[in-house]
């Protein structure tokens, strides 16, 4: 099947100024100017007039929790709830709708409330009329639960992190999460995972990295997701399994995971005061929670390197990142730097990385899987990070530019449901970091949100629009293209037409984000907008009157992917 798209900018570094693209049998056959497209039009099965829409590489979300994201999309979304009273009211409203079924919610953030006191389980019991209730904090490292849920978990009161008030962190929270995901009815799990995949495709995302693990969602949840992705249309799924040591490597192989990585916890999160720090928190006692020591980290890295498999760790606090860096040093000593670099290990979040940690990550060829919306949500002066750490420490978080300068490859993601699957918002947040010195150019941020995600999964070929490459792209309704960079000298050079730098949508704060018209993976349509404004997308999906489905007739895109 031959499809010609023309009349809109094509974001291809090798074809400056291109506004047309030919796709033959799911691969890009030509990119160039519309003036040169006439020779292809006569032979094309379908010609799509883009009407100014942008064609660009599609996005990859490098850190997702499918089931919890879907439950948030389908259930009780508490993001933005302004107070504990409003949270309890939301529980009551949900209890009326669910009529005794479990109430699963996510997203509360007490740091934004006038009174940060959390609701007790007695209050949850009254608000829910005795239902099973699980409400996770925005960072998913703590939750408040009801008495009915505790009754399903004998012995939970003896677990580390249990509080009689109904707040759970650490091991107690992990046990609750394991129970919920393992005991979910199959239909509800499947519906949640489908909802996540459909939502991602609507956002121009063609691949999702599932950060699974025994303390997150359990093996059965990952098996079900990989089976669903193999059987049904939707974004590709790269599954990771987060259990440490040689046992974890073997389990990852048995599950069909791409690596023993994802949320393999070295520590927790700043919001829940479980990130592992060298110095105590500014607004409370303690230095957080250490889940793995250097010996366990090293054992995992060595076993994975010897098996030719990726390893990776969730590391947020400075103490946690120093432990990972030491593990990488020891692994390079045992296995050799080339073998470690070839494994392309990955670190999730990398929140408090200083120059020394960045240098080790670069030496080891490790990928930093980062979430720019963390800074946009909590990094402003006086925000949650400042409360937890104090202004001086908070000012150094998420130094994206510092990582890039050190030679570390970035992959952007959401950690959904912690922050939304909203890739243009990730790019904008990386460009407008609260600390100017940490900002990325639009071009660097976009590359990290597209090609960076493929590289993090071991694929160096995908993420670009180039002749011979799979036709994996998204079509966007845009108002204006520009070249934006944090350094005015770079910006001035890049906007010179002679530089050949392709433009991207303007992403100044306050401007509307581009709207996705179509998402295509390997020449197959995953999503097409269904309104009059999206003519290019509906034509590309074969929905326009008198058109032939140029891509959808080849069958749905599906499956899992591993390096």
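See the values below:
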| read-out | value |
| --- | --- |
| Any chance residue 192 is closer than 15 Å to residue 65 by Cβ and at pLDDT 90 or above | yes |
| Residue in region 309-318 that is modelled with pLDDT of 95 or more, more than 22 Å from residue 64 (Cβ to Cβ) and not in a helix (DSSP H, G or I) present | yes |
| Any pair with Cβ under 6 angstrom, 6 or more apart, that starts in region 27-55 at a residue that is assigned by TED's automatic domain parsing to the domain that holds residue 470 and ends at one that is in a helix (DSSP H, G or I) | 47/41; 48/536; 48/539; 48/540; 50/536; 53/536 |
| Criterion: without any contact (Cβ under 8 Å) to a residue 60 or more places away in the chain, over 26 Å from residue 251 (Cβ atoms) and more than 21 Å from the chain's Cα centre (by Cα) - qualifying residue of 360, 340 | 360 |
| For residue 394: the one exception among (1) over 21 Å from residue 261 (Cβ atoms); (2) in contact (Cβ under 8 Å) with a residue 24 or more places away in the chain; (3) in contact with a helix residue (DSSP H, G or I) (Cβ under 7 Å, 6 or more places away or on another chain) | (2) |
| Selection from region 442-470 of residues that are surrounded by 23 or more Cβ atoms within 10 Å (Cβ to Cβ) and farther than 22 Å from residue 367 by Cα | 465 |
| Residue within region 241-260 that is assigned by TED's automatic domain parsing to the domain that holds residue 284, within 15 Å of residue 67 (Cα to Cα) and buried (at least 24 other Cβ atoms within 10 Å of the Cβ) present | yes |
| Residue satisfying all of: in region 82-112; at pLDDT below 95 and either assigned to a loop (DSSP other than H, G, I, E, B) or at positive phi (or both); surrounded by the fewest Cβ atoms within 10 Å (Cβ to Cβ) among these | 99 |
| Sole residue being buried (at least 24 other Cβ atoms within 10 Å of the Cβ), at pLDDT below 95 and closer than 28 Å to residue 239 by Cβ, chosen from 350, 418 | 418 |
| Residue tally, condition under 21 Å from residue 236 (Cα atoms) and either part of a loop (DSSP other than H, G, I, E, B) or modelled with pLDDT under 95 (or both), over region 15-71 | 9 |
| Any chance residue 340 is on the phi < 0 side of the Ramachandran plot, buried (at least 24 other Cβ atoms within 10 Å of the Cβ) and in the same structural domain as residue 382 (by TED's automatic domain parsing) | yes |
| Condition met for residue 149 (assigned to a helix (DSSP H, G or I) and either over 18 Å from residue 84 (Cβ atoms) or in the same structural domain as residue 270 (by TED's automatic domain parsing) (or both)) | yes |
| Residue 455 vs. criteria within 28 Å of residue 311 (Cβ to Cβ), more than 20 Å from the chain's Cα centre (by Cα) and either at pLDDT 95 or above or not assigned by TED's automatic domain parsing to the domain that holds residue 342 (or both) | no |
| Only one of 509, 497, 502 that is crowded, with 20+ Cβ neighbours inside 10 Å and either assigned by TED's automatic domain parsing to the domain that holds residue 207 or modelled with pLDDT under 95 (or both) | 502 |
| All positions within region 182-226 that are outside any strand (DSSP E or B), in contact (Cβ under 8 Å) with a residue 60 or more places away in the chain, within 20 Å of the chain's Cα centre (by Cα) and closer than 26 Å to residue 159 by Cβ | 189, 192, 216, 217, 221 |
| Which numbered condition residue 189 fails, given (1) more than 17 Å from residue 225 (Cα to Cα); (2) crowded, with 19+ Cβ neighbours inside 10 Å | (1) |
| Residue check for residue 450: under 20 Å from residue 407 (Cα atoms) and modelled with pLDDT of 95 or more | yes |
| Positions within region 115-135 being more than 19 Å from residue 282 (Cα to Cα) and part of a loop (DSSP other than H, G, I, E, B), in sequence order | 118, 119, 120, 129, 130, 131, 132 |
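The values are calculated or read from the model by the stated rules, or taken from the named source; none is laboratory data. No experiment lies behind these values; they were computed from the predicted model shown. With ideal geometry, Cβ positions are generated from the backbone for all residues, glycine too; neighbour counts draw on all protein chains shown.
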